[in-house]
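Written out below as structure tokens is the structure these notes cover.
Throughout, read-outs are computed from the coordinates displayed, never taken from laboratory work. Predicted model, so just to flag it, every value in this text is computed and none were measured. All Cβ positions, glycine included, derive from the backbone under ideal geometry; neighbour counts span all protein chains shown.
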Amino acid sequence: MPNLDRLSALEVSRKHLPGRYCDGGGLYLQIGPNGAKSWLFRYKLQGKARAMGLGPLHAVSLKDARARAADCRRLCADGLDPLFERRNALERARCEATRSKTFDECTAEYIAANESGWENAKHRQQWRNTLATYASPIFGKQPVHTVDVHLVQKALQQEVKGPGGQKGPLWTAKPETAKRVRGRIEAILDWATAKELRTGDNPARWIGLLSNLLPKRAKGRVIAHHAALAVDDAGDFIRDLRAREADAALAFEFLILTAARTSEVLGAKWAEIDETEKVWAIPAARMKARKEHRVPLSAPALAVLAKMAKRVSSDGFIFPGTRRGKSLSNMVLLALLRRMGREGVTAHGFRSTFRDWVSERTNFPDAVAEAALAHAIGDRVEAAYRRGDLFEKRRQMMEAWARHCEPRQKRANVVPLPRRRLA
């Protein structure tokens, strides 16, 4: 038996000279050069002398230090290294604390780590909103390693209101939203696996897992398109716009004549316009495909710019808003449509009107129309070979489109008078 309990509590409190004071059984009171007191356990394992700290005196009393030393001696008797075992215990505790991280916490960390590479603020907000609405109420507060296929399936099949107001499972009532939610859950769980917060297969995986549990999306599913004006009504619509003095009307006309997206038009700046070459060069940062897009400007489009040039904007916007540093808002265009009694039409829908006109009324190739709309080429092989932007052909097409949109002369309502008989 080792000679134990050599020190008393009074001795421990009174000792102040630097050095080590043995209590027996490998336990020492250690006093440093600055007078700090702590506990040290010294032992031999496989013939090698080792030492491990048991804590400072102000946190570990003499009684507690002796209990800890006794635990260490038992480990040594079993051939185990107390220092190694303590490190393992600390690592297990750290892992358990880490693995208890919730899905919501992982979501916040994932978004913070990746949002700088996402396209725009709207996309970042959609990530937060969809997961907060559909995933968080189901398993957001649960540890991420406990999220299984049944919880993911429950989130994707929760009852929601569809576009028509009818209730149904998210997966069928809002298929596009459900598809994005599933993909975002999968991405976060993949991230958690990479961070060693969970193990095993991803329960949000589609192929070979959820594809066997959720109904396939109907091939004949009706897609809700943006409400578009009929091709033959474009001229009348332009006439109504020109009867108004508001900047919103000019912005709307410019949007129609260029077949551009609403955000591209409202964010347009004078620095992007080359009046000599009659070109509007939209920078890649403002394009959906992240590629610069050149728009040929027809005579009516240039006329709109000439009118807007009279409204001086210190911020450089062609269509400035009422607030400094801001362009016109999309809500301004919606308000204009309501005043015109055109609630059934959307600004984006005019891109469809333009596309219908190209297909139904002209011989311009589809490739030219798609280039005008700045649509990405789906076929990678075709995209690799098509290096030009068909600009000159697009110029001819946009001039023809402007002529089509020009308001027609209204026929006068002439009422024929009956002829008078001569006497």
Sum up the charges of everything whose Cβ sits under 14 Å from the Cβ of LEU334, counting Lys and Arg as +1 and Asp and Glu as -1, but leave LEU334 out. +2
Per DSSP, the loop-located GluC sites (Glu not before Pro) within the range 168-210 having at most 16 other beta carbons within 10 Å are GLU196
Only helices at least 15 Å long along their own axis, judged from Cα atoms, and with Kyte-Doolittle mean hydropathy of -0.5 or greater: name those in the chain from DSSP H. 62-77, 103-114, 175-194, 247-258
Going from the fewest other Cβ atoms within 10 Å to the most, one would list TYR110, TYR21 as TYR21, TYR110
Check: in the range 18-165 the Lys pairs 8 or more apart or on separate chains whose Cα atoms fall under 24 Å apart number 6
Using alpha-carbon coordinates alone, the radius of gyration and Dmax of the range 269-325 in Å work out to 12.1, 32
Low-density loop trypsin sites (Lys or Arg not before Pro), the range 126-224, at most 13 other Cβ within 10 Å, DSSP non-H/G/I/E/B, are LYS141, LYS216, ARG217, LYS219, ARG221
Write down Rg/Rh for the chain, rounded to two decimals, with Rg from the C-alpha atoms and Rh from the Kirkwood relation over Cα pairs. 1.28
Scalar couplings 3J(HN,Hα) for the range 319-329 by Karplus 6.51 cos²θ - 1.76 cosθ + 1.60 (θ = phi - 60°), nearest whole Hz, x for Gly and Pro, are 10, x, x, 6, 8, 4, x, 10, 8, 4, 8
Pair-distance profile P(r), taking every C-alpha pair of the range 65-212, with 5 angstrom steps and integer %: 2, 9, 15, 17, 14, 11, 7, 6, 5, 5, 4, 3, 2, 1, 0
Between beta-carbons, use under 15 Å as the cut-off and find the net charge around GLY208, counting Lys and Arg +1, Asp and Glu -1. +1
Please work out the Cα convex hull volume for the range 231-405 and give it in Å³ per residue. 119
Kirkwood Rh, Cα Rg: Rg to Rh for the range 1-96? 0.99
I need the trypsin sites (Lys or Arg not before Pro) found in the range 6-71, filtered to DSSP loop residues with at most 16 other beta carbons within 10 Å of theirs. ARG6, LYS15
Report the net charge of residues surrounding CYS76, where surrounding means a beta-carbon distance below 15 angstrom and charges are Lys +1, Arg +1, Asp -1, Glu -1. +4
With Cα springs under 10 Å, the Gaussian network model of the chain assigns the largest mean-square fluctuation among ALA59, ALA309, ALA284 to ALA59
State, as an integer percentage, the relative contact order of the range 103-212 based on alpha-carbon contacts under 8 Å between residues 6 or more apart. 25
For each of CYS106, CYS76, count neighbouring Cβ atoms within 10 Å of the residue's Cβ, then give the residues from fewest to most. CYS76, CYS106
